[in-house]
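Presented below is the structure to which this report refers.
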Amino acid sequence: SASSEWWKRAVVYQVYPRSFQDSDGDGIGDLRGILQRLDHLERLGIDVIWLSPIYRSPHADNGYDISDYQDIDPAFGTFDDFTELLDAVHARRMKLVMDLVVNHTSDEHPWFLESRSSLDNPKRDWYWWRPARAGHHPGELGAEPTNWESFFSGPTWTLDERTGEYYLHLFAKKQPDLNWENPEVREAVYAMMRWWLDRGVDGFRMDVINLISKHPGLPDGTVTEGKTYGDGFPHYSAGPRLHEYLQEMRREVFDGRGALLTVGETPGVTTEEAALFSDPARRELDMVFQFEHVSLDHQDGKFRPRELEPGELAGSFTTWQDALAQVGWNSLYLANHDQPRPVSRFGDTAEWWRESATALATVLHLQRGTPYVYQGEELGMTNAPFDQIGDYRDVESLNHFTDAVGRGEQPDAVIAGLLRMSRDHARTPVQWDDSFNAGFTDGRPWIRVNPNHTRINALAQYDDPGSVFEHYRALIELRHRLPVVADGDFVRLDAGTPAVFAFQRTLDNERLLVVANLSSSAVTPLLPDAIREEWHDARLVLTNLAGERDVDAALHPWEAKAYTR
Ligand code: TEU
């Protein structure tokens, strides 16, 4: 029913609390800081707030390593602060979705402390424990049970001296993987999820949910030429029981509840697989985050990115749209706390900062799917000039630097990769104004504020009709006003040149046309004659430049226009 698919008309805003707004001067963002900034979110017009983890954590991975799922970490505040925030969000008719990180816990979680305490502890089988590989002694090089490489460099197994066995961690050593084969684990997770829903939260974003079902037997990955580790991904992603678990979770946790949002983060799944998660008939999730478009520029690993060819990004979007045209639903995103800033990565911060930020937003928000805005994206925040390893905080970046330099790579070359691709670019404090520390904190920020906050900040953009913020506000308003934006179909149009991304949305007799030049050169589109005829007198509903209004007029660099008829 329409109400159960409310998320098709919604826009979600991701808050990374650590970097959003500090209220107590300790240099770390917190829940009371978010309370202080709800006017900003309401002004933008968003419907749902997704909070990155706020649970008790040692912060080895900034909260994606949870040691108590049912308590708020003191760095972010108290449970009362959380309840006050939730009530305030609901009072403003917005929803609040939590980040569910259950592929792994922190190694300081009581479940793991018990599990590691002895070979026969009742919780031993809550995690993945294995003896040294046959023919090897524990601690020997190559004794790890599989040859897989961690997302955060190094092996995915760490020897626990106390019992002489290894435990699996696809991410950091401090993030041991839960064993979802064990029904006790699943029951404990579902109980925790129900506990949060009973407290009024409106759903979950599910961290690396495609990794919870590993292929039994944990086979080695193929080792390609010159590599030390094997490619474990096919053996730990989308394993044989993944959809069984998600359907069980839906029954055990979500059925019978009100209007909730469930979005799965599924790094590395194919577009075809993505349709399985969001096919309503399968009763799994509402949608997933795909990663094709944010892996396009990965060349030899993510930290050696390549330049994209004109049209590659548009091609990736079109693949999504075509695969989910009949069944399932898209999430639309370019930014989150793991990705470099889109305007730096896909746009042009040198010459066309505002134009490219608003063009990318236009083509994203007017596609079919639910748009996600990551904090600061609505301001056109950019990557940071972090040219010293001491500027970085992220475990992925720090481990990569140590590992790469240890393998003989030049430090400057490794820093060059971090300057383009580090997750820390998404984690610099939100730039609220041009004051010291951009209005984020009165204390010493946990990570440097981007010096360009004197030019790029919210206060400078409010009520400026051409600003990035106002453009995002207009896009969100358009989605709330025109049913074709949320419910229309999507057809890619041939614009005669790869730099131009043109598409049409149709809902009954309502039409929307988007034409955007996603390049730093002026270009003239060559739309099909039928389109030019049909749209020659259409109404221009949105543009990021005061250019020509004709649908086939030459486009300035990064000029993006939307028409209705
Ligand atoms: O990210 C999963 C994931 O795919 C990341 O490894 C990401 O793709 C990679 O860092 C990009 O190079 C989720 C969370 O979003 C991330 O913040 C956590 O570090 C990770 O899981 C472990 O919980």
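Checking Glu355 against (1) over 16 Å from the mean Cα position of the chain (by Cα); (2) surrounded by 22 or more Cβ atoms within 10 Å (Cβ to Cβ); (3) on the phi > 0 side of the Ramachandran plot, only one condition comes out false. Which one?
Status for Glu355: all satisfied but (3).
Just one of Ala495, Ala486 is within 30 Å of Thr318 (Cα to Cα), in a loop (DSSP other than H, G, I, E, B), touching a strand residue (DSSP E or B) at 6+ places or on another chain (Cβ under 9 Å) and of a type in the set (Gly, Ala, Ser); which is it? Outline the logic, then answer.
Working: Ala486 fails: in a loop (DSSP other than H, G, I, E, B).
Ala495 is the lone residue from the list that is within 30 Å of Thr318 (Cα to Cα), in a loop (DSSP other than H, G, I, E, B), touching a strand residue (DSSP E or B) at 6+ places or on another chain (Cβ under 9 Å) and of a type in the set (Gly, Ala, Ser).
Hey, could you check the stretch 154-164 for residues that are surrounded by fewer than 20 Cβ atoms within 10 Å (Cβ to Cβ) and either under 20 Å from Lys227 (Cβ atoms) or not charged (D, E, K, R) (or both) and say which is nearest to the ligand (Cβ to nearest atom)?
Quick first cut of the stretch 154-164, residues surrounded by fewer than 20 Cβ atoms within 10 Å (Cβ to Cβ) only: 154, 158-164.
Adding the requirement that they be either under 20 Å from Lys227 (Cβ atoms) or not charged (D, E, K, R) (or both) leaves 154, 158-159, 163-164.
Details: Gly154: 14, Thr158: 16, Leu159: 22, Thr163: 25, Gly164: 27 Å.
Applying the filter and picking the extreme gives Gly154.
Among Gln299, Gln290, which is crowded, with 21+ Cβ neighbours inside 10 Å and either within 16 Å of the ligand (Cβ to nearest atom) or among the aromatic types (Phe, Trp, Tyr) (or both)? Outline the logic, then answer.
On the way: Gln299 fails: crowded, with 21+ Cβ neighbours inside 10 Å.
Only one candidate qualifies: Gln290.
Of the residues Tyr229, Tyr167, only one is hydroxyl-bearing (Ser, Thr, Tyr), out of contact with any Gly (no Cβ under 9 Å at 6 or more places or on another chain) and crowded, with 16+ Cβ neighbours inside 10 Å; which? Outline the logic, then answer.
Values: Tyr229 fails: out of contact with any Gly (no Cβ under 9 Å at 6 or more places or on another chain).
Going through Tyr229, Tyr167 in turn, just one is hydroxyl-bearing (Ser, Thr, Tyr), out of contact with any Gly (no Cβ under 9 Å at 6 or more places or on another chain) and crowded, with 16+ Cβ neighbours inside 10 Å: Tyr167.
Select from the stretch 146-159 the residues that are within 19 Å of Tyr236 (Cβ to Cβ) and either over 31 Å from the mean Cα position of the chain (by Cα) or aromatic (Phe, Trp, Tyr) (or both) and list them in ascending order. Working first, answer last.
Kept after step one, since they are within 19 Å of Tyr236 (Cβ to Cβ), are these residues of the stretch 146-159: 146-158.
Trp148, Phe151, Phe152, Trp157, listed by residue number.
Take the residues in the stretch 88-147 that are outside any loop (DSSP other than H, G, I, E, B) and within 16 Å of the ligand (Cβ to nearest atom), then tell me which one is farthest from His40 (Cα to Cα).
The first filter runs over the stretch 88-147 and keeps only residues outside any loop (DSSP other than H, G, I, E, B), leaving 88-91, 95-100, 104, 110-117, 124-127, 129-130.
Filter again for within 16 Å of the ligand (Cβ to nearest atom), leaving 97-100, 104, 112, 127.
Details: Val97: 18, Met98: 20, Asp99: 21, Leu100: 25, His104: 34, Phe112: 40, Tyr127: 42 Å.
Here the residue is Tyr127.
Considering each of Arg93, Arg133, Arg116 in turn, give the residue that is of a type outside the set (Val, Ile, Thr), over 25 Å from the mean Cα position of the chain (by Cα) and surrounded by fewer than 19 Cβ atoms within 10 Å (Cβ to Cβ).
Details: Arg93 fails: over 25 Å from the mean Cα position of the chain (by Cα); Arg116 fails: surrounded by fewer than 19 Cβ atoms within 10 Å (Cβ to Cβ).
When all the criteria are applied, what remains is Arg133.
For the stretch 195-226: of the residues being among the charged types (D, E, K, R) and surrounded by 14 or more Cβ atoms within 10 Å (Cβ to Cβ), which is nearest to the ligand (Cβ to nearest atom)?
To start, the set of residues in the stretch 195-226 that are among the charged types (D, E, K, R) comprises 198-199, 202, 205, 207, 214, 220, 225.
Filter once more, so that each one left must be surrounded by 14 or more Cβ atoms within 10 Å (Cβ to Cβ): 202, 205, 207, 214, 220.
On the way: Asp202: 20, Arg205: 9, Asp207: 5, Lys214: 15, Asp220: 21 Å.
Step by step, filter the stretch 195-226, then rank; the result is Asp207.
Quickly run through the stretch 375-384 and pick out the residues that are within 16 Å of the ligand (Cβ to nearest atom) and either within 23 Å of Ala546 (Cα to Cα) or at pLDDT below 95 (or both).
Glu377
Is at least one residue of the stretch 174-192 in a strand (DSSP E or B), more than 16 Å from the ligand (Cβ to nearest atom) and either touching a residue at least 24 places away in the same chain (Cβ under 8 Å) or under 24 Å from Asp107 (Cβ atoms) (or both)? Full working, then the answer.
Looking only at the stretch 174-192, we keep the residues that are in a strand (DSSP E or B), and these are 177-178.
Okay, now just the ones that are also more than 16 Å from the ligand (Cβ to nearest atom), so none.
Scanning the stretch 174-192 turns up no residue that is in a strand (DSSP E or B), more than 16 Å from the ligand (Cβ to nearest atom) and either touching a residue at least 24 places away in the same chain (Cβ under 8 Å) or under 24 Å from Asp107 (Cβ atoms) (or both).
Matching residues to (1) within 19 Å of Val102 (Cβ to Cβ); (2) surrounded by fewer than 18 Cβ atoms within 10 Å (Cβ to Cβ); (3) touching a residue at least 24 places away in the same chain (Cβ under 8 Å); (4) charged (D, E, K, R):
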position	(1), (2), (3), (4)
Glu248	yes, yes, yes, yes
Leu261	yes, no, yes, no
Glu265	yes, no, yes, yes
Ala274	no, no, yes, no
Phe277	yes, no, yes, no
Val294	no, no, yes, no
Leu308	no, yes, yes, no
Leu313	no, no, yes, no
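For the stretch 519-565, what are the residues that are of a type outside the set (D, E, K, R), in contact with a helix residue (DSSP H, G or I) (Cβ under 6 Å, 6 or more places away or on another chain) and assigned to a loop (DSSP other than H, G, I, E, B)?
Asn544, Val551, Trp558
A quick yes/no check of all residues on (1) polar (S, T, N, Q); (2) buried (at least 18 other Cβ atoms within 10 Å of the Cβ); (3) in contact (Cβ under 8 Å) with a residue 24 or more places away in the chain:
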{"position": "Ala404", "(1), (2), (3)": "no, yes, yes"}
{"position": "Gln410", "(1), (2), (3)": "yes, no, no"}
{"position": "Gly417", "(1), (2), (3)": "no, yes, yes"}
{"position": "Asn457", "(1), (2), (3)": "yes, yes, yes"}
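The values are calculated or read from the model by the stated rules, or taken from the named source; none is laboratory data. Here the structure is a predicted model, which is why all the values come from computation and not from measurement. Virtual Cβ from ideal backbone geometry, glycine too; neighbours counted across all protein chains shown.
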